[in-house]
1. Can you pull out the residues in region 46-61 that are closer than 17 Å to residue 319 by Cβ and either in the same structural domain as residue 311 (by TED's automatic domain parsing) or at pLDDT below 80 (or both)?
2. Restricting attention to region 220-237, which residues are surrounded by fewer than 16 Cβ atoms within 10 Å (Cβ to Cβ) and either under 11 Å from residue 108 (Cα atoms) or in contact (Cβ under 8 Å) with a residue 40 or more places away in the chain (or both)?
3. Is it fair to say residue 131 is surrounded by fewer than 19 Cβ atoms within 10 Å (Cβ to Cβ) and either under 19 Å from residue 222 (Cα atoms) or over 29 Å from the mean Cα position of the chain (by Cα) (or both)?
4. Considering only residues that are in a helix (DSSP H, G or I) and closer than 16 Å to residue 130 by Cβ, which ones fall in region 160-173?
5. Name the single residue that is surrounded by the most Cβ atoms within 10 Å (Cβ to Cβ) among those in region 204-219 being touching a helix residue (DSSP H, G or I) at 6+ places or on another chain (Cβ under 6 Å) and over 19 Å from residue 97 (Cα atoms).
């Protein structure tokens with residue numbers, strides 16, 4: 001079928017609704033290509049700089065390896081072999097992956113429970129729990145009571161309170177109150193909680209360990225996981241779960257075999273976001289780690305402070321920090337795109 005329209009209309013007006021005219025197509029791809037170059041050039045510059053030496057960085061700019069300068073592995077050799085970068089790098093991988101997986105598992109369970117189960121938590125029980133937590137802290141810090149003993153006594157008193165006077169009070173908080181409380185934990189600046197967390201792990205003799213970082217990052221990222229995954233679970237038709245329960249499936253089986261597979265795209269997007277937040281976290285790692293559990297953000301800051309901005313060394317650290325996130329994002333790209341768009345259109 002020939003196009004009998006005038007030449008100017010063919011250049012600027014599409015032939016069909018699902019096509020694009022020649023001039024707008026050229027303009028669109030030109031802008032996309034320009035934007036791609038703007039986004040990728042800093043990454044290319046960092047990568048190229050990691051193969052330079054001090055003279056090449058200071059006397060540049062040199063852009064093309066083997067043309068403007070001769071690349072060398074001196075910076076890589078120094079940072080990976082001589083500067084003991086492998087330890088902090090492995091710490092970052094273990095801490096980020098472990099805390100992200102734990103936060104995703106616990107947070108998704110909490111989000112699913114908030115969507116499918118109606119809670120009525122007595123205010124008296126919440127106040128009793130807070131008072132007992134404060135009592136544990138005072139007993140351990142001020143009175144030097146072993147934390148195991150203090151925790152055991154507190155659990156016994158809490159169970160006793162639930163069985164006695166807590167029942168007499170009717171005031172309770174519901175699902176919306178619990179959700180708001182969880183989100184409010186993320187609103188609080190981390191610097192407010194870092195000193196109590198430091199003191200707690202100091203008394204538990206867990207400072208400068210991966211256990212301290214993993215447990216802290218898991219607790220810090222739980223509100224984000226609950227907040228994001230709640231809407232994904234709310235979009236699952238309730239009829240599917242009720243049909244499985246009629247056939248004898250338990251709540252846990254429904255969750256793991258029906259709910260989780262249906263929201264895997266949303267879980268992938270949440271996983272990627274939490275992983276990036278954990279991978280780049282600096283403040284908590286600075287307080288809770290020293291040498292054994294040091295992570296890459298702390299190492300980068302220490303390198304920049306002690307040696308100054310030596311860009312050929314810093315570029316190596318930046319490249320090896322970006323690489324795992326880029327690889328994981330590449331594997332999860334399809335699910336991340338679907339997860340980010342999930343719930344955007346309803347009707």
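1. In the first step, residues of region 46-61 are kept if they are closer than 17 Å to residue 319 by Cβ; the result is 46-53, 56-57.
Scanning region 46-61 gives 56, 57.
2. Our first condition is that a residue be surrounded by fewer than 16 Cβ atoms within 10 Å (Cβ to Cβ); within region 220-237, this holds for 231, 234-235, 237.
Within region 220-237, 231, 234, 235 meet the criteria.
3. yes
4. First, the residues of region 160-173 that are in a helix (DSSP H, G or I): 160-163, 165-168.
Those that are in a helix (DSSP H, G or I) and closer than 16 Å to residue 130 by Cβ: 161, 162, 165, 166.
5. This residue is 207.
The values are calculated or read from the model by the stated rules, or taken from the named source; none is laboratory data. All figures in this text were calculated on a predicted structure; none of them were measured in a lab. Note: ideal-geometry Cβ built from the backbone for every residue, glycine included; neighbour counts use all protein chains shown.
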